[in-house]
Every structure is written in structure tokens, then in C-alpha cells.
1. Within the stretch B:306-330, restricting attention to residues that are surrounded by 19 or more Cβ atoms within 10 Å (Cβ to Cβ) and not in a strand (DSSP E or B), which residue is farthest from the other protein chains (Cβ to nearest Cβ)?
2. Take the conditions at pLDDT below 75 and either outside any strand (DSSP E or B) or not assigned by TED's automatic domain parsing to the domain that holds A:Ser711 (or both) and apply them to A:Thr591. Does it pass?
3. Among the residues of the stretch B:179-226, write down those that are surrounded by fewer than 16 Cβ atoms within 10 Å (Cβ to Cβ), free of Cβ contacts under 8 Å to residues at least 40 places away in the same chain and assigned to a loop (DSSP other than H, G, I, E, B).
4. Kindly provide the set of residues from the stretch B:332-369 that are surrounded by fewer than 19 Cβ atoms within 10 Å (Cβ to Cβ) and away from chain A (no Cβ under 14 Å), ordered by number.
5. Name every residue in the stretch A:438-455 that is over 24 Å from the mean Cα position of the chain (by Cα) and surrounded by fewer than 19 Cβ atoms within 10 Å (Cβ to Cβ), in order of residue number.
6. Would you be able to tell me the number of residues in the stretch B:27-64 that are facing chain A (nearest Cβ under 10 Å) and not in a strand (DSSP E or B)?
7. Can you tell me which residues in the stretch A:619-637 are at the interface with chain B (Cβ under 10 Å from one of its Cβ atoms) and part of a strand (DSSP E or B)?
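The values are calculated or read from the model by the stated rules, or taken from the named source; none is laboratory data. Everything numeric here is computed off the predicted structure, so don't read it as measured data. Using ideal geometry, Cβ is built from the backbone for each residue, glycine included, and neighbour counts are taken over all protein chains shown.
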Amino acid sequence: MNRFRPSLIAIAPWAVTVLAATAAAQHPQRSMIVDHAPDRFVLVQRADDVLLGMGARYTARFHTDRVEVAPATSRPHTVALRSRAAARGAAPEPLARTTPPREDGLRVRYGRGAITETYDVRADGLELGYVFAELPAGDGDLTVTIDVDSSLPLAAVAADAIEFGDDSGAVRIAGVLGIDALGNRAAGSMEYARHVLTLRLPAAFVAHAALPLVLDPLITATTPLGVTPGNSLEAAYDATTDRCLIVWQQPGGTSGTSPMEIRGWFEPGGAVLLDSAGSAGSPVVGNCNARDCFVVAWPETGGIVARAVASPTTLGSLKALTNATGSSWPHLAISTNASPTADRMVIVATEAPASGPASCRVLATRVSASLDLAAAATTTVSGSGGLYTGVGPVAIAKSGGANGRYLVAWSQGFGGTPTAFMGLCTDTGALASTVVSRPAPGNDLTEIVADGQDGQWVVGLRSSPGAFPTPGFAGRLHLLGVGLDGAGNPTPRDPVQITDDSGGGLLNLALAGRRVVASYAVPLQVRCTSSDPQCTSSRIASFTLTGCLPCQAAEEFYWTGTHAALVRPSASGNVDPQRAEEVVAFAVTGTLATHSSQGSRLTLDNRVGLVTDLGGGCGGLTARVYAECAKTGGTHQAVVKSVNGTCWLVIGTDRIDMRGCGTCVLVPDPYTSFVVGPLRTDRNGDASWQLAVPATPGLVGVRLYEQWLVSGPGLQGCASFPFALSNALQVQIQ
Amino acid sequence: MLSAVHLRAVAAALAVSSGAATLAQAPARAARLDTRAMLDAVAALARDAGGLAGFGRDYAVRFDADGITYTPALGRRAPAPQRLAIRLGSLHRGDLALPIATGAEPRLDGRLARYQRSPSITECYEVRADGVEQTFVFTELPGRGDLVVRCQLAGELAGRGAADGDRALHFVAPGLGGVTIGAVTGIDARGATCSGGLRLVDGALELSLPAAFVDRAALPLVLDPLIGTRISVTAGSDDDRELDVAYDRTSDDFLVVWTRALAAGTTELRALEYGRSTGPGAAFLVASGNVIRRPRVASQNAVDRFVVVYESAPTLVGPATVLAQVVNADRTLGPNVAISPAGSYCVEPDVSGNAGSGFADVGGLIVYREQGAGIRLQQYTLNAGSTGTMVLGTRATVSTDPAAQHPRITRSAGNRAVVAFGLPGSVVAQATTIFGSVIGAGLSAPTGGSATPSPAVDGDGTQFLLAFDAELAPGDRDIRCMQLSWTGAGVMLAGYDAVSQRVGIDELQPAVAFLGPKYLVAWTVAAGFMSYEVHAKAMAPSGCNECGTELTLAGSLASEVLPAIASRRSGGAVADDALIAFASHSGQPPFEGNIDAWLFTPFSATLQTTTATGCGNPLSLQAVGQFSIGNAAFSLRLSTTDPNATLGFVSLGLGGPPLVCGSCSLVAPVDLLSGPLPGGVATFPLPVPCLTALLGARLDVQGGMVGSATNLCPLLRTLSTSSAIRLTVVE
């Protein structure tokens, strides 16, 4: 018998992690809204006077004299194709010079006299077609010769396929097929020699083919295992149009040493190319509700550029928000602005100059009606010199511009200690509070995220107990609630660890009603080693907003992947009660061999308890009271906020409605209830108490009555009772 | 015989004559027990499944093979139990380690837990009200030098030890309280004493006696510290809360059961006997657990046992189960029995015992509420053997309405019981048999408000009184009463009235007991914020008429709540008195609680004075029983030794001028009772109605007889009279 078994009532901090991991899972309802968005990406678009065709793993540039196919490789490679001649028998006829290519939906055409050269842009590749309205003279095999200029080496040649590629990727041309006007088909073949590719259809088929006849190979691009389109997924939601924009960075540019495109996918709506300049870094996206658009920002050529986009065909112009100073911008975050009238957007970024420590910069811009972005006002919010060292990851409350305030957080060394700094800034980017700090709960601070609004925020941290760098996922994830003190300055509470000691990472937060939803990855040690960052299991769990206690059990939600985006469908300052418990999650999913992405709308278990305010408060107490997460399998939390005094909580299942002290009504029966206290308030003036609610269905419907008694200066219910009363809450377990 | 006409006439006349009743001279009907002293003296130790478990006033203690675990009762403000575990580590005499055996189970010896550490060393703990007294008894002590006992410490308080000089060690959780280990004393066989040492060494407890004393000590030598609970001065810890009480005729004991919180989520269900003639008796532990609530107890007279039922839950919100515990005649406990179905969430149990004394009178009923499912009824039977095994019988459903709450069941009703419960805006009564069958139609009556009332009910099996709190407006609940009659086809409403209806004041938590000639209702009255009083009033056996004035039963703290009543009749006695117990609480958080109790008797002693002497031959008039309202058995007994007396009478007067006849005077009658005097004796029943308007009224009574060989009154030549007596109507 273990005589020192901890009480089931008092929740020790260490138990929080255990509770999160072991409480009975109440899985959120999931409805998939987009599946494999990057893999479905297909687009024909003009950019910089070049006609582009893009699929999931390639970009094709249609020039007048050639077509360049660039696979989504980490290094810039192209395979250029120039159609040279067609022949039927021995005498090739040069193909007529072409006019500039014309797009028709997802088809691009080159007119070559009696032959039309077409490219059907598909997500999985380019389908090249030569359409013969008339056949060349002769009676032999029908051939088309193509000059090939590839920066990729020839990797394989076969009778029906040819591949150029290396370890960074490949372009493959295969599947020569002849189709006549009657639908008759015949397989062809190909030959390659001296940079000339010859496609061939047999004479027997050609001789009897009904015209027009199509010679039709498929050009596909492949990427090696583990190279995934959409590795840097970010997403935002627009409540007005009820759609999401997912953005990601993808190899595919043709310039620079690491060509990158910024791609997007509207759901619903389809693909959009946001940038193809070739040096784009990982993008972030936020919603500007007033303009019903999204603002996407990313580092590029030493600065930060951004553009607003309202639909796949409605884009603002690219705007450099910073000068190209030569700095790098390793970390970037953007908030949403859900105000129906405000057109400002706030971005926070880590600027790492070529020399010297990195700083935290806040950039504020405006979105015009024509979706053009204004020049950004820039504020440096991090400290420098003295005990300060460089800034690491940065964060801004994604949901949170209510009352014109955003919580900005950043990681920065201070006196040799990795520290989370926090401050409030306005939507003009100005710092609006004292900057406060909280030492990291470990020896590093490698991730920082934030969400919340209106005086209630949660900051997520990843910090390792060991020396930096900690391999794999040994960094533990922590949440800390942030409130406001009387002077309007943020006041962080103690961090709560939400992963066990095997660690986690890729933390993301989204506000959802009175809870914050966290997505994160944990090592999947069953299938592979914990040091492999790809080998993870993703989880989604919800926590109470104030105390960051687990409200919804952590659950395994996706196999092996990385959450890249988690966004609340209803936005700050514009909370849609119908959507308060919804978040949208996007993740890279699948196994190592079949990476892809999914986006789902998650309707969380909204059983947070039916809370009824019964009134009864008195004695000068202006505190707000909350009852959070009163559900089976959760940890109910009774909270009183903004109190200056000593608190007692009366919580029980019986009510007595005691009167006789002015306007005070003490609802719970103090003689049969738990009377918990004295509880001292924290620096925010908050006090709270937790109660683990067993995961027993029979508890549904049980009512709790809870009320706070507070003693302190100026707080007195009446002459005979030196306590002020909060309002009483009736909380029905769900 | 006295006719109804006579009764009404006399009562009416008395009522008129009494005017406003005054109780200035009325003897007290309720006597307060010194429960504080009783509870301060409680100490118990018994064997259970985990070893030996005991408690004193402010602590709980457990002994097992690992040693002792001491838990101070710090109340619910303590977020978790604060324990100190002590395990014997070593014994040394100088440098010589004395061989000891650890890991042995303790032996129970009254309130002593004994560990035989070696043939010559006994470690012993006496469970006392104020703490545990630890002693080491040495019958042999080899070697020389200091005697040193070292104990390992564990538990939440182990790391909080602080020395108070050499006198004590305190293990205190800040703001809550903790444990004190008091000074060590050595006592040898001749009574010589010596102060010893007490200190913490590397986290271990070290007790020692100096060599100078030990070397000369006559064996056996005793080393003796006291372990007690240190209570924080800033916050009390008397966290006695919910209670109930029952009576057993054979032992003539009341049994009080109550919950005591050691910490939030750590509760004990304790019990204490109170002998009606012997006072406080044995205390014992009924159950312990996380959250134990709403204990109820009933007597099973035929087998001299009590049945205790209660809610038990792992947390404040549940899921709660209803458990039953049989308390045997020797106060040992039978097996613990789960009453509610597995997996259900059941609360608010109540239990009926059985006042019968026959061989078959071993059944009873348990009623409880199943969350979301209604009111359930579980029949049980007790094994008459020594083990007190409870055998569960039929389980029935009284109501399937998920809104039904607060079920109660009769305790004195014999083979036909009534279950009462509340619904929003109504109160429901349903008859059942002792075998667990729901019988006849139930009765549902509106309360006049929309709130769900809390009822209480008792009766004799045919007539019942149901009291409930009816909310007329927020802050204004009244105590209402319904008289119910069993018609053979169901319960019928036979009377309805208010027990108490203070305007604008909350009155709640009624309790009812059938006393025989009366019912007793107790309830809680809001006297102010954080101030409640327990009031009690006797009610007539029919008609819901009051049959006594309202008593205010003082408690030991600011607020008195949750009254419970045990009538002796419910425990099988042919008696009319009862024990009322309730909880008293302080007026500020954490609202510490105590248990208070009052003994109640329904009739006060007769108040009478002789106002005139008699005349003629000897004639005596005596009041039989108490001249108290509601005493239907009151009578006047006329007796004489005169063999010639043939007719006796009693003149009932209201104080008017006497009638004078010769040397005799006679109470001027407003009514006359008359009858023959066979054998010189006649008894004239004079039932006293349940009319509080009669209280304080005076009735002059004087006996007379005719047929004697006297001639003192010319008008009635054979008249003799008794002394005239003035009776005052009391409660």
C-alpha cells in the first residue's frame, strides 16, 4: 500500500503533464477542408511577362522558343525543351517558328502551322502534346525531335522514358502515346542522343490514323524522398469569406542558389503564386478582415517583402517592408487583424545583421482598398548591449489585436540566461507597455509562439534541460499564461510543461473560446529514433486560458508529420460564437515515402461546462470570476481575476443562498462545501484552484456552485462580515 | 368517562383563561449535551484491512508493518493530507546496536498498538484524544552508554521539522498546522524519571536517554515521547461537518456519526456512542476516504446493530457511490457494502432501520438518488449472527424523474415506510413495504414555489408527518408540514399547515421524528449572514398542528445547521424522548465545525400546587402523567379508603370562587367528571389537546365522593372532598 499517494483533489504541477497525457481523450470532430493542397497545386499564370505553369513539383516557364521545366529541387535546375522538327520517314521538316505561347485555362499552346504544340499543366506534371492537323509528307514512322538542354545530368534512358536528374530531383519524360481523332491509341517510343530527344509513333498506326493525331508524352518532375512540397505551411482564415489561405515555400525558382517560390492555396478557391523571385524565405500569413484579404510576408534578399491577396486572381503588388540591408531574417510572425474597420497589420521579425546581435523588430503596415501595402513603420522592441545577447525566435499573438494591443514575445539571452521577453504593441507597431521577461524553463529557448487577446494570452515555449543544442526533441514544451497588471503591463505566470521529458517541438497555438489549442509534435519512438525530426507524431490538445491546465486530452491526431499551421476560424475582436471552439489545422502528414499535407477544420469538444452567473457579488469586489473546463476528463479550474486581497473559494454541490449582508448572497453552502484557502493572488491579482473531474459519464449534469470570498483593503460585505463576495457561478459538468 | 364535549369545553375555557401563554415557569424540555467535551475526549483504535486505524480529536493515525502514519486533521483548507510517517530504524545503547525486528504487524490491545521489537523491547503507541503516546519499554538493556532510538521519517511533513529547544520538534505546514513530538521522558521501574533528548539527525528522528540515568535505571525502563497535533493558531481545524444520529434500545445508546475532514479530499466518518444514562462511550472509525458525505444512520433493534450509509467519492464532484456499513453491537464493523450499482453516480442516501424486536425484524430500506435517473430504493436484511452481514434484497425505483432530489425515508414506521423527495415546485411521498416494494399511489403536492424542496418524513406506518422547506421567494423559505395517512390504496393528504413561516427569513433543512404522542420537527433558521439557528417544535400527531412552542437550540459556534433527530421510539423503545444533533460552524472561512446535541423530551413535568384542603373521609386526587399539551394519556386518579364511597367525581374549575357547603369547599366546576369508585379507585382520563394556546392556563381540580358516613355538607350529606389542586398547562 502506498501511504503517500497524492491527493486526487490537489493537482500538483508535475501532475499536469500526466493529466494531459492520460486523461480520457475527447477527440475533436474533424472535417477535412483541404487535402494535399501543395500536391493539388496547379496554376497557369503570367509573372514578369513570362507565362508560368506550375504543378506540385515543378514550374514550367513558357518562352517563345522554348519551355523550361524546373523541378522543385533545392538547387536551380532546368530542362529546356525546344521542338525542332517533325518527320514521317527520313526527311525531317523543321517545325514552323512559333508565335508567343497562349494560355487557355490550364493549357498552353504554341502554333506551328499545321501542328499545334500544347502543354496541359497538371498537378502531377506537364502533358506535352503535338497535334497534327496534317501529317508530314512520307510514309514511315512519325517522329518529333526536340532539342534538350538540361542542367541535370542524364540519369536514365529507356525505350519509353528518359530521365535527367541527380540527388536533388529529376525531370522525366515518358509515355509516348499516339491518339487519333477516333480515339485509337498506339504506344510510341523515344530515343535520345546528343541532346536530341526523338519521339516516335509507329508507321502502321500513323498510316491509318484519323486526323487530327496527337503525339503525347508526359513530363513529370520528381523529388527525392523526404523533400516535400509545402514544408513551411502557414495558414490564416477570413471570417467574412469563410475561407483559408495556406501558404508555403517551395523550391522551384530558376534564379539564385536556392530558388524558392512562395505558393498559396485558397480553400476554397485554388492555387496562387505569390512570389517566384527565387530567394524567398519561409512565409507567414495573416488575415486583414477589414479588406477581406490576407497579407503574406516573407524574407527576401535581405529584407522583408509582403503582398496582400484576396483571391487567386486578386493580388496586390509586392511591397518591400524593410530595406534590403543585407540582414537575414531568420524568424518572422504576423498577426491577424479581425477588426471590421482597421486595415493595419503587424509583423514581428528577428533581424540578424551581418555583424552584431540580432534584434526583434515590429513592422506595421496598412492595406489599401486596392490591396497595396503601405510603407512599414518599424520599431525595435528588444534590448541591446549590456547583458543582452541576440534575439532568437519571435512571436505575436495571432488572434490578438483586440483593443488595439498585440502581445509580442521573443527569445533573447539576458545575463547568460535564455529568456522570454514580452511586451504589448499597438497596431501602429509602437511599444505600448513595459517589456517583461521570464527566464526560460531550461537552458535554451528554441521556439516561442503566442496567441490570445484582450488581456489574456498564452505564450508557448520550447526549452531544453540540457545544454544547447539539444538533439532531437528533448526540448520540453511549456505554456505560460500572460495577464495584465493594473498598469497595463503583461504579467507572465509560471510556465506549465505540457510534454513529458521525451520532449516535443513545432509548437503552435490558437485561441479557441476560453481555451487555447496547442498543436505540437512529439517523438515517435516506436517507429524510429527520437533524434529524427521527421519521425514525429503530432498532437492537438487544449488548455485553459488562465492556468494553461489541460482541458482536452492530448491526442494523437496525425501520424508522422509536422504541424505547420494552426489557426482559429473566428478572429480577434470579432469572435463568432458559433466558431469559438473551432480551429483549422494544417499539417504535413504521411509517412516518409508519401509526404503530403492536410488541412482540417477541427470542432473541438466544446464541453467546457455550462456556466451560469448567479450574481450575489458584493463588498466592492470588481473581480471577474471564471469557471473553466468543467467537463468529464478535464481539470476544472475556478479563477478569480484582478483581486487585491486574500481569497477563499467556496465550492460545492449544495447551495444555500445565504442573505442578510447587504446585497451579498452566498450561494454555495459553506458548511457542506469545500472551503479552500487562504489563497494568495499572483502578480496578476489572480487566484485559482483546480479540480480534476474524473472521466466518468455519470458526472455529466452534476452541478457545482462556486464563489470567492476576498478580504483586503476596502473589501467588506457588510459590517459583520469582513469579506467581499464575487459573483457566484453555477457550473454544470458536461 | 370524559366526553368529547367535556374536553372541548374545558379546553376552550382554559384557552380563554390562559390568555397569552407564558412559559416562564415551564421546566426545560431540552437539555444541551456538552459535546465539545465529548468530542475532545474521543479516541479510537481498531483493526481494518490496512492494519490498525485510529483517531483522536485532531488527528488520524494508522499502524502497519511499516510503522505509524500520523495525519493531523487540518480541515478542508489543507489542500492535501499532511502526514508524518515514523518507522523505527535502530536502537543503540552506547555503541552497541540492539537487535530489533522491523516489519512486524502491530498487535491491537485496546487503544494500544504494540510492536514486539525483540523479546525484551516493545514499541507501543497509545491512541489518546490529544495525540499518540509513543513508548519503548525495555526489560533488558545490555551494554552501557546513552540509549538512542532512531526513527526514519517520511510523508509531507517529514521535511518540515524544526526544533523547539530540547522540548519538542514541530513539523508544520505553513498556515495549516502540523505535528508536534513532545519531550522525551525516561521512567524506570521505581518511578525515577529523567528528561531525554529529542532531535533531528540527517532527517531522522532521534530520541535518547542519558547513560547516567539508563545505567542506574531499574528495568523495565520506559522511553516516552508524545506525538500530538499542532494546530495553527491562525486557523482552526475542527472540521466536523455532516452528521446523523440514531438510538439503540438494548444498549440505551445514541450513536452519533459525523464526517471529519483531515484535508480537502481526505475525510473520515467517525462515530461516538452516547449512553442515555452513562454519557459518552466508545468512539470508532466507520470509514475513511477521499470525499465522504451525507452520513445517515438507523437502528436495527432486533439485532442490536446500526446501519450507516453514506456517499463516497474520489473527488468533490464524484462519481459518488452509496456505501453501507453495519455497526455491530460490540461496535466492530461488518463488511462494507456497495449499495448503488457499479458505474452509477448515486448520492443523498437515507436509511430506515427497524424498531421491531421480533425474529423477522431484521430488514430495512435504503433510499438514494441516482444522478439523472431518479430515486432508487434498496431493501436489505441483516444477518442475525455475529458478523452483521448485510444481505441486499430487492432494488426498486421510486421515481424515474431525473429532477427528483433529496430523498428521505421514515425511521419509525415499521413494516410500511414512506419515501419523500422533492421535485421542482412539488414534494412527493410514496409508500413502500419493508420488503422494498413500492405500494399504492404516491402523493405529489405543490409547494407554492418553483424550487426543489428538501423533505423529511417519519410516522408510525399508518400516519406520517412530512415536513419540507417551501421557497416562496428568494431568501424566504418556510417550513411546511403535511399529515399523511395510509388509506390502503396509497398515502392521502390528511392535513397541511406551516411549521414555521417567518416572513422574509429563510427556514430550511427540516428533520422529523415520530415520538409517539407527538412529532418533533427541527430545522434551520437564518438569523443573519453567517448565522443560522436550529429550532425545534413538537407537532401534533394529526392535523399538522403545533404541539409545543418553538425552541432555539444553541450551538457552540456562530451558526447551527443540518439538524438530525433520533427518537428512542425509532430504536425500539417505548419512550417519547429524542436526541437532536446538529453542526455548528464559525462565521468566517474556513467555517470550522463542531457537533452539538440536545436531549429532548416532549412533556415537561406537571406543575401543580395545592390550593385548598379536603374535607370528610380520606380522598386523594393525583395527576397521572404530565399535564402537558399533547399528552393524550394524562388522567386524574381518585382514590379513597372509605368503603362506603360509591360515586366519585372530579370538579374542574377555572379559579372562580369555591362553592362552600358546611365545612367543605369545592372548586367551582365548569365541568364535572364522575364515575363509580370500585375498590375505592377511579381514573378519569383528561387528554390535553395539542393547543399551544393552553400553555400557562390553570385548571383547578378537586375530587369528591358521596356515600361516606360523614355529614359535613348539609346539601350533600355524604360528601367528602380531596385537596384542591391547581394544575398549570405546560409543554
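1. That would be B:Ala320.
2. Considered against the rule, which asks whether it is at pLDDT below 75 and either outside any strand (DSSP E or B) or not assigned by TED's automatic domain parsing to the domain that holds A:Ser711 (or both), A:Thr591 comes out as yes.
3. Residues satisfying the conditions are B:Ala189, B:Arg190, B:Gly191, B:Ala192, B:Asp202, B:Ala218.
4. B:Thr332, B:Pro335, B:Asn336, B:Ala338, B:Gly356, B:Ser357, B:Gly358, B:Phe359, B:Ala360, listed by residue number.
5. Residues satisfying the conditions are A:Pro439, A:Asn443.
6. So the answer is 2.
7. Listed by number, the list holds a single entry, A:His636.
Rundown of residues vs (1) under 22 Å from A:Gly53 (Cβ atoms); (2) at pLDDT 85 or above, yes/no style:
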position: A:Gln249; (1), (2): yes, no
position: A:Gly252; (1), (2): yes, no
position: A:Trp265; (1), (2): yes, yes
position: A:Leu273; (1), (2): yes, yes
position: A:Cys288; (1), (2): no, yes
position: A:Gly303; (1), (2): no, yes
position: A:Gly326; (1), (2): no, no
